[in-house]
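Data block below; observations after.
The numbers here are math on the coordinates, done by the rules we state, and not lab data. From a predicted model like this one, the values you see are computed outputs, not experimental measurements. Using ideal geometry, Cβ is built from the backbone for each residue, glycine included, and neighbour counts are taken over all protein chains shown.
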Amino acid sequence: MKRYSMCALVICVALSYPFASYAGDALPRIVVLATGGTIAGVGATATTTVGYAAAKIGVEGLVSAVPELSGIARVSGEQVMQVASENMTPGDWLALAKKVNRLLARDDVDGIVITHGTDTLEETAYFLNLTVRNSKSVVITGSMRPSTAISADGPMNLYNAVLLAGSAGAQGKGVLVALNDQISAAREVTKTNTTALDTFKTPGMGFLGYITGGQAHFYRATTKRHTSQSEFDIMKLEALPEVHIVYGYAGANSFMLDAAVGKGAAGMVNAGTGDGSMSDVMKAAYREARQKGVIVVRSSRTGSGFVARNGEAKDDEYDFVVAGNLNPQKARILLMLALTKTKDTKEIQRIFMEY
Ligand code: DGL
């Protein structure tokens, strides 16, 4: 990977505008949408892998640093935002989903790659998995080392993501996350390590496949609804309902829950201990929230496994919803979208079992 001197960086930032770099006519037409993150990051030295500046290099700089892309796709790029992904918002998700839907509706676009910070990559991926109404490929990638680092992982991650997006196997599989040669489903993938290159895993579910030797190899596909099978249409939505998460732990009290409900949250997700458990104190507070019309979803802080109805709480009696095996941050996203369609808890439970 070319290391960016500051002057090169200035050129890259200045050139981060919609551009096209075409190669052979038969190659897939892939649009790279850049949003920021470490893959666009710059460190003070080649050994800086923490404490660098994320979201500095523009899409032109990312793509031009991987000239091999022209051998596998006709790549065009657009800088849709330039943020560290901890600053992503539901409003950004909506804007990105609308752009992706509009681009994929075009006959001259075969697939999309999104470069993204890794901190909330899984959330954007799942939101798009539920709202992109097209079976063409959407692949999200990022990196754990900034572009200026020795053995930066961004360039190969970008190459593999474009290769995957242009592959037949990627069509119709839902939004895919590709880093470190591994292919994951947007629904289950999660960041599991603060700094490791293989941070993205799908606990208990495994990868969908691998990208190796210049080929994408798939071994399974998700059975849950996504993309073209989704019932969620966000094209006319301007905002999403407020849904927040409260973490469960020994001695938790209802301060945060009460505050969120007091601020008008439409839904609350319990990041519960074990099988989505709530302490008696929290259970009473969640029941009170439910009686005020707030939808309550039980998820788990454990990171894997299935939260079943009427296990650690009387969900039928309390009128709670269970998240199945969605982690709290994914359950929040699905509840936000469910609430754009219904407040009926039986309907919402159906949605949680189908997506
Ligand atoms: N600030 C973090 C983000 O943009 C850096 C992590 C990364 O992109 O790998 O998500």
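Observations on the model:
- Nitroxide proxy distance, nm - points 7 Å out along Cα→Cβ at GLN229 and ALA46: 4.8 nm
- Across region 43-192 the C-alpha pair distances fall into 5 Å bins from zero in the proportions 2, 10, 20, 24, 23, 15, 6, 2, 0 percent.
- Dipole magnitude of region 198-355, debye to nearest 20 (Cβ charges: Lys/Arg +1, Asp/Glu -1, about Cα centre): 200 debye
- For region 98-243, lysine pairs with C-alpha atoms less than 27 angstrom apart, excluding pairs fewer than eight positions apart on the same chain, total 23.
- Cβ-placed point charges (K, R +1; D, E -1), dipole of the chain about Cα centre in debye, nearest 20: 200 debye
- For the chain, the longest principal axis of the C-alpha atoms and the axis of helix 154-165 are separated by about 80°.
- DSSP beta bridge pairing in region 114-197, given as percent antiparallel to the nearest 5: 50 percent
- On Cα atoms only, tilt of 345-354 relative to the major axis of the chain in degrees: 40 degrees
- Across all Cα pairs in region 154-222, the calculated P(r) in 10 Å bins from zero up to the longest distance comes to 22, 57, 21, 0 percent per bin.
- Over the chain, relative contact order from alpha-carbon pairs under 8 Å, at least 6 apart, %: 14 percent
- Its residue count N fixes a reference of 2.2 N^0.38 Å for the chain, and the Cα radius of gyration divided by that reference is 1.01.
- MRE, 222 nm, helices only [DSSP H, n ≥ 4, -39500 (n - 2.57), over the chain, to nearest 500]: -8000 deg cm²/dmol
- Of the residues GLY251, GLY166, PRO203, the one whose Cα sits farthest towards the positive end of the charge dipole of region 129-260 is GLY166 (charges of +1 on Lys and Arg Cβ, -1 on Asp and Glu Cβ, taken about the Cα centre).
- Gaussian network model of the chain, springs between alpha carbon atoms under 10 Å - residue of SER254, SER184, SER137 with greatest fluctuation: SER254
- Projected area averaged over orientations for region 117-185, convex hull of C-alpha atoms, nm²: 4.4 nm²
- Extents of region 203-355, taken as max minus min of Cα coordinates on every principal axis and listed largest first, are 54, 38, 24 Å.
- Label point distance in nm, ASP280-SER304, each placed 7 Å from Cα along Cα→Cβ: 3.4 nm
- Helix 280-291 vs. the chain, principal-axis angle (Cα, 0 to 90°, nearest 10): 90 degrees
- Dipole of the chain computed with +1 at Lys/Arg Cβ and -1 at Asp/Glu Cβ about the Cα centre; of PHE320, ALA55, LEU104, farthest Cα towards the positive end is LEU104.
- Among beta bridges that DSSP assigns inside the chain, antiparallel share in %, nearest 5: 35 percent
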